[in-house]
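Novice: Here you go, one structure.
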Amino acid sequence: NPVYFDNAATTYPKPPAVLRAFQNAVHSAGGNPGRGGHILSRRAGAAVYHARETAAALFGAEPENVVFTMNCTHALNLAIRGALRKGDHVIISSIEHNSVARPVAAMAEAGLISYSTAPVSPDDAETVAAFRSRIRPQTRAIICTLAGNVTGQIMPYREIGALCREKGLIFIADGAQGCGILPVTMQDGIQLLCTAGHKGLYGLMGTGMLISDGTVPLRPLMQGGTGTQSASLRQPDELPEALEAGTVNVPGIAALDAGMQWIVQRGAAGIARHESALCDMLIAGLLRIPGAVVYRDPVAKYVPVVSFALPDELPDDTAARLA
């Protein structure tokens, strides 16, 4: 079996309980939730709602404010395009994933919004000051990751949340690299938390979540069937139906539920300590290679993601050799 190092892209292998939950949903809850009154539809609906409750408890939200998505990119597009209005200004960080940077740039190119980029420093106070200095009268939101996907640097998300509360801004957080590892909740000043289901939450690919604190109106990107208010041609305004047009991924959601329960049972802090210990072993080994560079600053804090370079070798070539 290969030694797997690509957990920042998707965690592998999955806990056995996750695979069992997926199989059980396929076999025992194969109906379409909210689209019928028969036993399989009711079981599917119960599985989805139980997952909402699990996510709500984990992240400090209400179950009805948990929206299931295809992935974190989908969730971020729902949040960014749904919350912003023409003329708004937003601030992103210099280490954003393209799931944030591209939707923001596309809206700016279309003349809908403007944006500024705050440089990220190893020093948290400098990073927060960079965000603060870019706030304008038109600024509506700060959009940033909890932790960078390249170096793993943890953003001062609690301090950014406090800044947003102080200035009356929306805080949209990309939790793809942080949820399941960092002790993040909506009480950290986050209005809209977006995350992947298949990374630190140990679900399967094709799942994600947008979690709201319920204070930010969101325009839906899609209209369609929801299983409720079917006589109306207007998309429901209430979450989660407003943003869940079409049939949701019931087996994937059941698997995500099991992944989140596994984290609760194991303890996120214990998982993070174990992963950090593995990272320390990797870094120690890399630094024994003459000329190797590990991209970490002693001042900054990191999730268990390691970027490095070997002497006289392009990173692409190093990756190819490891593959």
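The values are calculated or read from the model by the stated rules, or taken from the named source; none is laboratory data. If you're wondering where the values come from, they're calculated on a predicted model, not measured in any experiment. Please note: Cβ atoms are built from the backbone with ideal geometry, for glycine as well, and neighbour counts cover all protein chains shown.
Novice: Out of all the residues in segment 37-46, is one or more modelled with pLDDT of 95 or more, assigned to a strand (DSSP E or B) and either crowded, with 16+ Cβ neighbours inside 10 Å or among the hydrophobic types (A, V, I, L, M, F, W, C) (or both)?
Specialist: no
Novice: Next question, about the same structure. Here are Ala284, Ala277, Ala320, Ala272: which of them is assigned to a helix (DSSP H, G or I) and within 28 Å of Thr69 (Cα to Cα)?
Specialist: On inspection, the qualifying residue turns out to be Ala272.
Novice: As an exercise: evaluate Glu64 against (1) crowded, with 20+ Cβ neighbours inside 10 Å; (2) in a helix (DSSP H, G or I) and give the number of the one condition it does not meet.
Specialist: It is condition (1) that Glu64 fails.
Novice: Let me ask you something else. Which numbered condition trips up Ser212, out of (1) closer than 24 Å to Pro16 by Cα; (2) buried (at least 23 other Cβ atoms within 10 Å of the Cβ)?
Specialist: In the conditions (1) closer than 24 Å to Pro16 by Cα; (2) buried (at least 23 other Cβ atoms within 10 Å of the Cβ), Ser212 misses (1) alone.
Novice: Also: Please pick out the residue among Leu163, Leu256, Leu204, Leu210 that is assigned by TED's automatic domain parsing to the domain that holds Ser41, part of a loop (DSSP other than H, G, I, E, B) and of a type outside the set (S, T, N, Q).
Specialist: After applying the criteria, what remains is Leu204.
Novice: Which residue pairs have Cβ atoms closer than 7 Å, lie 6 or more positions apart in sequence or on different chains, and pair a first residue in segment 243-270 that is among the hydroxyl-bearing types (Ser, Thr, Tyr) with a second residue that is surrounded by fewer than 21 Cβ atoms within 10 Å (Cβ to Cβ) and in a loop (DSSP other than H, G, I, E, B)?
Specialist: Taking only residues 6 or more apart or on different chains, the pairs are Thr247/Asn32.
Novice: Of the residues Ala323, Ala245, which is modelled with pLDDT under 95 and within 26 Å of Tyr12 (Cβ to Cβ)?
Specialist: Details: Ala245 fails: within 26 Å of Tyr12 (Cβ to Cβ).
Checking each option against the conditions leaves just Ala323.
Novice: Collect the residues in segment 52-75 that are more than 21 Å from Gln187 (Cβ to Cβ) and of a type in the set (A, V, I, L, M), keeping them in residue-number order.
Specialist: Met70
Novice: Only one of these is loosely packed, with under 15 Cβ neighbours inside 10 Å, within 28 Å of Asn149 (Cα to Cα) and of a type outside the set (Gly, Ala, Ser): Glu126, Glu96. Name it.
Specialist: Numbers: Glu96 fails: loosely packed, with under 15 Cβ neighbours inside 10 Å.
Being loosely packed, with under 15 Cβ neighbours inside 10 Å, within 28 Å of Asn149 (Cα to Cα) and of a type outside the set (Gly, Ala, Ser) holds for just one of Glu126, Glu96, which is Glu126.
Novice: Separate question: Within segment 172-189, can one find any residue that is more than 10 Å from the chain's Cα centre (by Cα), free of Cβ contacts under 8 Å to residues at least 60 places away in the same chain and either within 20 Å of Glu96 (Cβ to Cβ) or part of a loop (DSSP other than H, G, I, E, B) (or both)?
Specialist: yes
Novice: Okay, next question. Here is a list: Ala106, Ala130. Which entry is free of Cβ contacts under 8 Å to residues at least 24 places away in the same chain and either aromatic (Phe, Trp, Tyr) or more than 30 Å from Val294 (Cα to Cα) (or both)?
Specialist: On the way: Ala130 fails: either aromatic (Phe, Trp, Tyr) or more than 30 Å from Val294 (Cα to Cα) (or both).
Answer to the selection: Ala106.
Novice: Just to be sure I understand the filter: pairs with C-beta atoms under 7 Å, separated by 6 or more residues or on different chains, first member in segment 136-149 and under 16 Å from Tyr302 (Cα atoms), second member among the acidic types (Asp, Glu) and outside any strand (DSSP E or B). Which pairs pass?
Specialist: Pairs that qualify, where the first residue is under 16 Å from Tyr302 (Cα atoms) and the partner is among the acidic types (Asp, Glu) and outside any strand (DSSP E or B), are Cys144/Glu96; Thr145/Glu96.
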